[in-house]
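Quick notes on the structure that follows.
The values are calculated or read from the model by the stated rules, or taken from the named source; none is laboratory data. Keep in mind that this is a model prediction, so the values were computed, not measured. Note that each Cβ is placed from the backbone with ideal geometry, even for glycine, and that neighbours are counted across all protein chains shown. Areas reflect the complete protein model, heavy atoms only, side chains present, ligands, DNA and RNA absent. Shrake-Rupley method; radii C 1.70, N 1.55, O 1.52, S 1.80 Å.
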Amino acid sequence: VRDNAKISNIIFKDVDIRASSSGASVLAHSIGAYVGANIIIEKVGVTGRVQAGEYGHVATFITEISTAGGASSKVTFNNCYSRCDLYHVSGGVQRWDGAGFATCSSGQYAIVNNCYWSGTSNITNRTSSIIAWNSIDNNNNLQTTSTISVNNSYYDKQKFPLNINKTTSGTGLTTEQMKTQESYVGWDF
C-alpha cells in the first residue's frame, strides 16, 4: 500500500486466510515498514476467518502499522466493519499480537471512526478488540495510547469477552445490542 492511498467501498466476503509461518490480514502485512505512510481505509467490510502462522501478528485489515527509520505512519479507518474470527496457530499464550482491525507500533498513528468488530479470537496476550499495541501486554500502562484514537466504535463483548484496559478497544456491546441502531452513538444510518 503506497503513501496517501485510499482504499474504499469494498466488501470482502467469507475470506479464509491462513498463513503457515507469518502474519495474516486482508489488506496489508505492514504499513510503513520501509517509508512512513498516510492511508485512509473507508467503507470497507470483511467477513470470514484470518489465521496467523507460528511467527506472526493477526488482524482483519493490517497486521502492523509500523515505523520506518523514525518515520511515522498514520492509518485512518472510517465507517468500516469486520466480522472476522481471528486465530493464531499456537493459541493464546504466545508473544504475537492480534486485533479486530490492526496492531500498531509505538509512535505510530491509528484513527478509528464509526467502526465495529464482531468476531472471536483465540489470542489472549497483546490483543484488543479494535487496535492492539504490539510488544505491550493487554493491561500494561507503560505504553501511552495518545497516538491511537477510537471514536464511536464498537465490538461484540460476548464474542470477545476479554477485559482489556485500553482506550484502543472501543465500546463493548452485547450481541443483541450490536443489532440495534440506537447502540451506535454518532452514526448516520
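Filter region 77-93 down to residues that are at pLDDT below 90 and in contact with an Asp or Glu (Cβ under 8 Å, 6 or more places away or on another chain) and give me whichever is farthest from K6 (Cα to Cα).
As a first pass, look at region 77-93 and keep what is at pLDDT below 90: 87-93.
Add one more test, that the residue is in contact with an Asp or Glu (Cβ under 8 Å, 6 or more places away or on another chain), and what stays is 89-90.
Working: V89: 31, S90: 34 Å.
Result: S90.
Please verify whether S21 is over 14 Å from the mean Cα position of the chain (by Cα), at pLDDT below 85 and hydroxyl-bearing (S, T, Y), treating the condition exactly as stated.
Considered against the rule, which asks whether it is over 14 Å from the mean Cα position of the chain (by Cα), at pLDDT below 85 and hydroxyl-bearing (S, T, Y), S21 comes out as yes.
Could you please give the count of residues in region 141-162 that are in contact with a Phe, Trp or Tyr (Cβ under 6 Å, 6 or more places away or on another chain) and at pLDDT 60 or above?
Summing the residues that are in contact with a Phe, Trp or Tyr (Cβ under 6 Å, 6 or more places away or on another chain) and at pLDDT 60 or above in region 141-162 gives 3.
Out of the residues in region 1-18 that are open to solvent by less than 60 Å² (accessible area, probe 1.4 Å) and either small (G, A, S) or under 20 Å from Q108 (Cα atoms) (or both), state the one that is modelled with the highest pLDDT.
Filtering region 1-18 for residues that are open to solvent by less than 60 Å² (accessible area, probe 1.4 Å) and either small (G, A, S) or under 20 Å from Q108 (Cα atoms) (or both), the one modelled with the highest pLDDT comes out as S8.
Report, by residue number, each residue of region 163-189 that is buried (at least 17 other Cβ atoms within 10 Å of the Cβ) and either over 14 Å from Y81 (Cα atoms) or modelled with pLDDT under 95 (or both).
First, pick out the residues of region 163-189 that are buried (at least 17 other Cβ atoms within 10 Å of the Cβ): 164, 166, 168-173, 178, 184.
Passing the criteria: I164, K166, T168, S169, G170, T171, G172, L173.
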